[in-house]
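Q: First the structure, which I've put down as structure tokens, then a few questions once you've had a look.
The values are calculated or read from the model by the stated rules, or taken from the named source; none is laboratory data. Just so it is clear, the model here is predicted, and its values are computed rather than measured. For neighbour counting, all protein chains shown are included, and Cβ atoms are generated from backbone atoms with ideal geometry for every residue, glycine included.
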Amino acid sequence: MRPFDDSDLSRDGKVLILAYDHGLEHGPVDFEDVPETMDPERVWDVATHDAVTAFAVQKGIAEAYADDYPDVNLLLKLNGTSNLWMGEPDSAVNCSVDYAAEVGAGAVGFTLYGGSNHEVEMAEEFRDIQEDAREHDLPVVMWSYPRGQGVKDDTSPSTIAYAARQALELGADIAKVKYPGSPDAMAHAVDAAGPTKVVMSGGSKTSDEAFLSSVKDAIDAGAVGLAVGRNVFQREEPEKMLDALEAVIYEEASVDAALEHL
Amino acid sequence: MRPFDDSDLSRDGKVLILAYDHGLEHGPVDFEDVPETMDPERVWDVATHDAVTAFAVQKGIAEAYADDYPDVNLLLKLNGTSNLWMGEPDSAVNCSVDYAAEVGAGAVGFTLYGGSNHEVEMAEEFRDIQEDAREHDLPVVMWSYPRGQGVKDDTSPSTIAYAARQALELGADIAKVKYPGSPDAMAHAVDAAGPTKVVMSGGSKTSDEAFLSSVKDAIDAGAVGLAVGRNVFQREEPEKMLDALEAVIYEEASVDAALEHL
Amino acid sequence: MRPFDDSDLSRDGKVLILAYDHGLEHGPVDFEDVPETMDPERVWDVATHDAVTAFAVQKGIAEAYADDYPDVNLLLKLNGTSNLWMGEPDSAVNCSVDYAAEVGAGAVGFTLYGGSNHEVEMAEEFRDIQEDAREHDLPVVMWSYPRGQGVKDDTSPSTIAYAARQALELGADIAKVKYPGSPDAMAHAVDAAGPTKVVMSGGSKTSDEAFLSSVKDAIDAGAVGLAVGRNVFQREEPEKMLDALEAVIYEEASVDAALEHL
Amino acid sequence: MRPFDDSDLSRDGKVLILAYDHGLEHGPVDFEDVPETMDPERVWDVATHDAVTAFAVQKGIAEAYADDYPDVNLLLKLNGTSNLWMGEPDSAVNCSVDYAAEVGAGAVGFTLYGGSNHEVEMAEEFRDIQEDAREHDLPVVMWSYPRGQGVKDDTSPSTIAYAARQALELGADIAKVKYPGSPDAMAHAVDAAGPTKVVMSGGSKTSDEAFLSSVKDAIDAGAVGLAVGRNVFQREEPEKMLDALEAVIYEEASVDAALEHL
Amino acid sequence: MRPFDDSDLSRDGKVLILAYDHGLEHGPVDFEDVPETMDPERVWDVATHDAVTAFAVQKGIAEAYADDYPDVNLLLKLNGTSNLWMGEPDSAVNCSVDYAAEVGAGAVGFTLYGGSNHEVEMAEEFRDIQEDAREHDLPVVMWSYPRGQGVKDDTSPSTIAYAARQALELGADIAKVKYPGSPDAMAHAVDAAGPTKVVMSGGSKTSDEAFLSSVKDAIDAGAVGLAVGRNVFQREEPEKMLDALEAVIYEEASVDAALEHL
């Protein structure tokens, strides 16, 4: 019943999700450094790179462009909320699975804030979404982000391992988790997820070498890949960074070899 | 899937929404200056002007008159609340999309108060409405009005740009936003909205020239038009103001040329 | 779509609603002065008078007697709550429209407490009820009673005009409002309601002459009639008061002429 | 539409409900005095007595035994809650009407806590249950128990009369109310209930004579019968007490005559 | 209607549930002592032992492995929540009964926190689940765990007896309760559950002999078996402990005889 392997999300079992929902979650301020990235079309173009196995966007950006990019594997992010709102972490379900399928999604995404006072409600929303997604044979990616009143350290090894386990127990095919600070901790989270695949979220925005090293570490620790946003599309030449990531994720290249693409 | 261009909302890609839901949102006090405007029929008559591409009203006013005005493009405003109530910003969904279609709506409208403690709930109501509207091929206009506990300045450039982006990400066809104070800020909001069209809400009630100038500025900044209420129907000769707006919005007239209609 | 004119609620465009839901809203204490009125059958008998165009009761009293009174036009009051409960104004929806139709209702009624913290929720309940009623071609009467945290004076002219306008905007066919203190204020409320008809609620329990004068004033101000309870059925000879009201409401009689019936 | 007379609840228009939901409402502590009554089978056996026109139990006890007792008229109590929970009075709906019908119920029961902060919510649950019960032609018994923040004295004559009236107005066929302290007060409650039948709840646990006298008083005041639990099944010879109650309720026996059964 | 006896949950009327939802309820920290048990496959292997009549897991672990273990009787635990969240006891419903059936469940499980401020809501969720399970002929196991604001001592004899009774009254086939401290108290709980079977939850993690003695005591007190997790799968040779439990539960062996398996 786990549709990951046969889906377009997987390229030889590995994954690179290009995420572009910053406009909803953080607002246009996230595009200030590279103003052209405010235009969804520019980022859809980036998403056509072979290294990208899924492009994660909200409903509005999906329905406006999906037909123009038949070769991009659409990961429709089903929930999300602006940061204008400042309450205990929660996220609105902005798109139904049925509509996501109609728009052409090849996978769906959902954020769970474990530890939030809204955890129970969000988990029940996830239940419906996960079961609807099974009906459509759509893989389900959980942004598993412990956060809120009950969570002291949202990137500690034990928190990240728990987040990965929640994704498994609740029926996600892929757990998107933050980097827990060390390869060992990432390996522990991968263990906790069992048959659910783990992708690293983001990675710190440092030098090219540091970024690629952290990706390499995550892959070596058992993660199947990366979900990345600004670290790719806000570079002057995002294709080159995708070439480098392709080498690290799919071709087992060393960081030094990957750096030659930049 | 975006039904704007082929709809009656668009006249050569431009928009003029005449809004008349003040009776619910503010009460009859809004009609005091020009008491005749309390009578919906008078304002429906104004809405027959060629410059008006949509007339925005609540359900009760729609069903009472729509059959008598087949040439007016009805924009049924689906939510709204009285200001007798004084809680954190929220808005009741007063009409279903199915019923709006039955009444003859050519488009639907919905207010989202980003930043309110009810944002998550309102966004989920919007989800259902937007998907139902797609079934009926009805364009969706979002009154995107950040307001509430989380919002310090509801017309700052960054707030308005965020409001426009929310409309895009959540799947609105048109974002109705307040004027953010300058043409540059409006252009920024238009950029943030991407393929979602932007209309300016209201405009300050100053002199004719100042009003038309602000509309002209908005159009020049990329907005497709205006949503206006009292600035039109509460004038002695609303048709003349509509003539002037028609010149500015659809005919690229200068403010001076437009003023000749008054 | 507005079913008022062709319905039994209207007698030559005028209305007299006999209301009998005091047992739920206030309890048996309301029947103490005239204990026989505790028995629904006595009041159903009164409702057979030709002057009465609708008899407003809750579900239980409707289903127990409606079949025995085929000539009484049943107005099923769909919501209502005891005054044992003392929270911010709200009202339980005690009957569905489908069931009201099955019981034989010729119209339905609903209380909206504008200004209450439950206004949004109540308005959404009203939405469903109004649209269901349209399916059954049942006129909808809104008891439009601003009340609660946001309302300082629930019978001021501006409050009553707002209440009448809410009924229009939300799609009620008839607005039942309290008397705002003067004929001018009532005329203002009638204006605010536009095509929605206005009936005066109750009227002060003073002398016969004062009562009939207030009804006459309301009619002259444009109201289509009256909704009345104890002022009729708790008189020794309720039929005589109905004769007098018939003269005032339907026959344009003077108060003096009407008083001759008593 | 009122299915009482033709139902098994009625024996010549009179009623004796044996209630056995103490295990949920109060816990096993209620069975301590007569431990054998913890076993549902023992009490089902008692319920086979001819005097009992309905046996009121929760879903679990209904489905486990109903097939074995085809001659017992099952009154499925649809809501109920443990007293482990200590909030403002509320009650969980533990069984749907459809399932009650499937299990073989001949009637359904529902507790309404008038005056509780949950009154509105409970009344709306009752609406659905009452209308579903009408579909199945099942009589509806309301445990009408004012209780909670708004209620000062839950057995005063005015409170009990209000409780009886609520049952009528909301559409219950039978109102189960507490004894309001005097025959006159009970007669007042019976009046308030109109066509809804009234049964007395429990009765004080005093001597046999006092108990039977209170039942006799209630019957004489117009109540159609009694709902009783421990006063019957926790006696050494419950059948004898049922013989005595049968004499008082159905045979208009005097208390003295009834006492001869004991 | 009680499907227990004919189901795979029962082996000669006795039960041994191996529970493995610690990853959701407590997080990976529960696997630290025996890290291999983080891998679901290892524990599924243990569940193939003849002594185990049901294996209790959450949805994600069920759907990932159930097809590979057709001989393991799957008990899908339908609700559960992480302990990252720290509010008044509640539990998210993570799986529908329909989906559980589709995944191949032979029984379903549900936690009820009697006494919690969420008791009413949880009981209503249980209602739907229990009735859906009846449609699928799936036995229902209630983890009946009083906990929360209203509960002072969650393992006192009276609390455990109440918990067992709640399971009966609400329609569970099996009540999973904590050990109330003595064989007499367990016998009392078994009495309270009537036709609902009782299984002991866990048992203290002490010596082999103490553990087996407590199981023996529970069986002798009338419990039909045990639900156990870490006490089995976190041993070096879990099969040997299962051999010992098999002897105690199904073969009426003495503790000494059972100890020979270890």
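Q: Looking at D:22, D:26 in this structure, which one is under 21 Å from residue D:226 (Cα atoms), within 10 Å of chain E (Cβ to nearest Cβ) and surrounded by fewer than 19 Cβ atoms within 10 Å (Cβ to Cβ)?
A: D:26
Q: In segment E:7-22, is there at least one residue being in a helix (DSSP H, G or I) and touching a Leu at 6+ places or on another chain (Cβ under 8 Å)?
A: Looking through segment E:7-22, none of the residues is in a helix (DSSP H, G or I) and touching a Leu at 6+ places or on another chain (Cβ under 8 Å).
Q: When you go through (1) modelled with pLDDT under 95; (2) over 26 Å from residue E:80 (Cα atoms); (3) not in a helix (DSSP H, G or I) one by one for residue A:232, which number turns out not to apply?
A: If we test residue A:232 against (1) modelled with pLDDT under 95; (2) over 26 Å from residue E:80 (Cα atoms); (3) not in a helix (DSSP H, G or I), just (3) comes out false.
Q: On to the next question. Looking at segment D:44-65 only, could you name the residues that are in a helix (DSSP H, G or I), within 24 Å of residue D:240 (Cβ to Cβ) and touching a Leu at 6+ places or on another chain (Cβ under 6 Å)?
A: D:47
Q: Ok, one more. If we scan segment E:244-252, do we find a residue that is closer than 22 Å to residue E:53 by Cα and either within 14 Å of another protein chain (Cβ to nearest Cβ) or of a type in the set (Ser, Thr, Tyr) (or both)?
A: yes
Q: Name the residues in segment D:128-147 that are of a type outside the set (Asp, Glu) and in contact with a Ser or Thr (Cβ under 7 Å, 6 or more places away or on another chain), would you?
A: D:139, D:143, D:145, D:146, D:147
Q: Is at least one residue of segment D:87-96 under 17 Å from residue D:232 (Cβ atoms) and over 16 Å from the mean Cα position of the chain (by Cα)?
A: No, segment D:87-96 has no match at all.
Q: Considering only segment C:220-234, state which residues are in contact (Cβ under 8 Å) with a residue 60 or more places away in the chain and on the phi < 0 side of the Ramachandran plot.
A: If the condition is that a residue be in contact (Cβ under 8 Å) with a residue 60 or more places away in the chain and on the phi < 0 side of the Ramachandran plot, then C:224, C:226, C:227, C:228, C:229, C:230, C:232, C:233, C:234 are the ones that fit.
Q: Further question on the same structure: Given the conditions (1) more than 14 Å from chain E (Cβ to nearest Cβ); (2) under 18 Å from residue E:127 (Cβ atoms); (3) of a type outside the set (Phe, Trp, Tyr), report the number of the one that residue D:74 does not fulfil.
A: That leaves (1) as the condition not met.
Q: Considering only residues that are surrounded by fewer than 16 Cβ atoms within 10 Å (Cβ to Cβ) and of a type in the set (A, V, I, L, M), which ones fall in segment D:80-104?
A: D:86
Q: Same structure, new question: Looking at (1) modelled with pLDDT under 95; (2) buried (at least 17 other Cβ atoms within 10 Å of the Cβ); (3) under 15 Å from the mean Cα position of the chain (by Cα), which is the one condition that is false for residue E:204?
A: Every listed condition holds for residue E:204 apart from (2).
Q: Being within 14 Å of another protein chain (Cβ to nearest Cβ) and not aromatic (Phe, Trp, Tyr) is true for just one of B:221, B:210, B:193. Which residue is that?
A: B:193
Q: Same structure again: For residue E:181, state whether it is on the phi > 0 side of the Ramachandran plot, out of contact with any helix residue (DSSP H, G or I) (no Cβ under 6 Å at 6 or more places or on another chain) and not in a helix (DSSP H, G or I).
A: In short, yes.
Q: Out of the residues in segment D:94-116 that are closer than 11 Å to residue D:142 by Cβ and either outside any loop (DSSP other than H, G, I, E, B) or of a type in the set (A, V, I, L, M) (or both), which is nearest to the other protein chains (Cβ to nearest Cβ)?
A: Looking at the filtered set, the residue picked out is D:112.
Q: Still on this model: Would you check which residues across segment D:207-227 are surrounded by fewer than 17 Cβ atoms within 10 Å (Cβ to Cβ) and at pLDDT 95 or above and list them?
A: Within segment D:207-227, D:220, D:222 qualify.
Q: When only residues in segment A:41-53 that are of a type outside the set (D, E, K, R) and without any contact (Cβ under 8 Å) to a residue 60 or more places away in the chain count, which is farthest from the other protein chains (Cβ to nearest Cβ)?
A: Filtering segment A:41-53 for residues that are of a type outside the set (D, E, K, R) and without any contact (Cβ under 8 Å) to a residue 60 or more places away in the chain, the one farthest from the other protein chains (Cβ to nearest Cβ) comes out as A:48.
Q: Out of (1) surrounded by 20 or more Cβ atoms within 10 Å (Cβ to Cβ); (2) touching a residue at least 60 places away in the same chain (Cβ under 8 Å), what's the single condition that is false for residue D:243?
A: Only one criterion is unmet by residue D:243, namely (1).
Q: Then there is this: What residue, among those in segment C:132-155 that are farther than 23 Å from residue C:185 by Cα and crowded, with 19+ Cβ neighbours inside 10 Å, is farthest from the other protein chains (Cβ to nearest Cβ)?
A: Filtering segment C:132-155 for residues that are farther than 23 Å from residue C:185 by Cα and crowded, with 19+ Cβ neighbours inside 10 Å, the one farthest from the other protein chains (Cβ to nearest Cβ) comes out as C:138.
Q: Can you tell me which residue is nearest to the chain's Cα centre (by Cα) among those in segment E:156-172 that are farther than 16 Å from residue E:195 by Cβ and facing chain D (nearest Cβ under 7 Å)?
A: Going through the qualifying residues, I end up with E:162.
Q: Just need a number here: residues in segment A:1-19 that are loosely packed, with under 15 Cβ neighbours inside 10 Å and charged (D, E, K, R).
A: Result for segment A:1-19: 3.
Q: Taking only segment D:66-93 into account, find how many residues are assigned to a loop (DSSP other than H, G, I, E, B) and free of Cβ contacts under 8 Å to residues at least 40 places away in the same chain.
A: Count: 9.
Q: In addition: Does segment D:246-262 hold any residues that are part of a loop (DSSP other than H, G, I, E, B) and either buried (at least 19 other Cβ atoms within 10 Å of the Cβ) or without any contact (Cβ under 8 Å) to a residue 40 or more places away in the chain (or both), and which are they?
A: D:251, D:252, D:253, D:254, D:260, D:261
Q: Is one or more of the residues making up segment A:149-166 in contact (Cβ under 8 Å) with a residue 60 or more places away in the chain, part of a helix (DSSP H, G or I) and of a type outside the set (Val, Ile, Thr)?
A: Scanning segment A:149-166 turns up no residue that is in contact (Cβ under 8 Å) with a residue 60 or more places away in the chain, part of a helix (DSSP H, G or I) and of a type outside the set (Val, Ile, Thr).
Q: Right, next: Counting only residues that are buried (at least 20 other Cβ atoms within 10 Å of the Cβ) and among the acidic types (Asp, Glu), how many does segment E:161-190 have?
A: Qualifying residue count for the region: 2.
Q: Restricting to segment E:30-40, and then to whatever is exposed (fewer than 15 other Cβ atoms within 10 Å of the Cβ) and in a helix (DSSP H, G or I), can you tell me which residue is farthest from the other protein chains (Cβ to nearest Cβ)?
A: Across segment E:30-40, the extreme among qualifying residues is E:36.
Q: Give the number of residues within segment A:47-70 that are surrounded by fewer than 21 Cβ atoms within 10 Å (Cβ to Cβ) and within 21 Å of residue A:237 (Cβ to Cβ).
A: The number of residues fulfilling the criteria is 4.
Q: Give me a count of the residues in segment A:117-131 that are at the interface with chain E (Cβ under 7 Å from one of its Cβ atoms), closer than 20 Å to residue E:90 by Cβ and out of contact with any strand residue (DSSP E or B) (no Cβ under 6 Å at 6 or more places or on another chain).
A: 3
Q: Might you check whether a residue that is in contact with a Pro (Cβ under 6 Å, 6 or more places away or on another chain) and outside any strand (DSSP E or B) occurs anywhere in segment C:211-223?
A: yes
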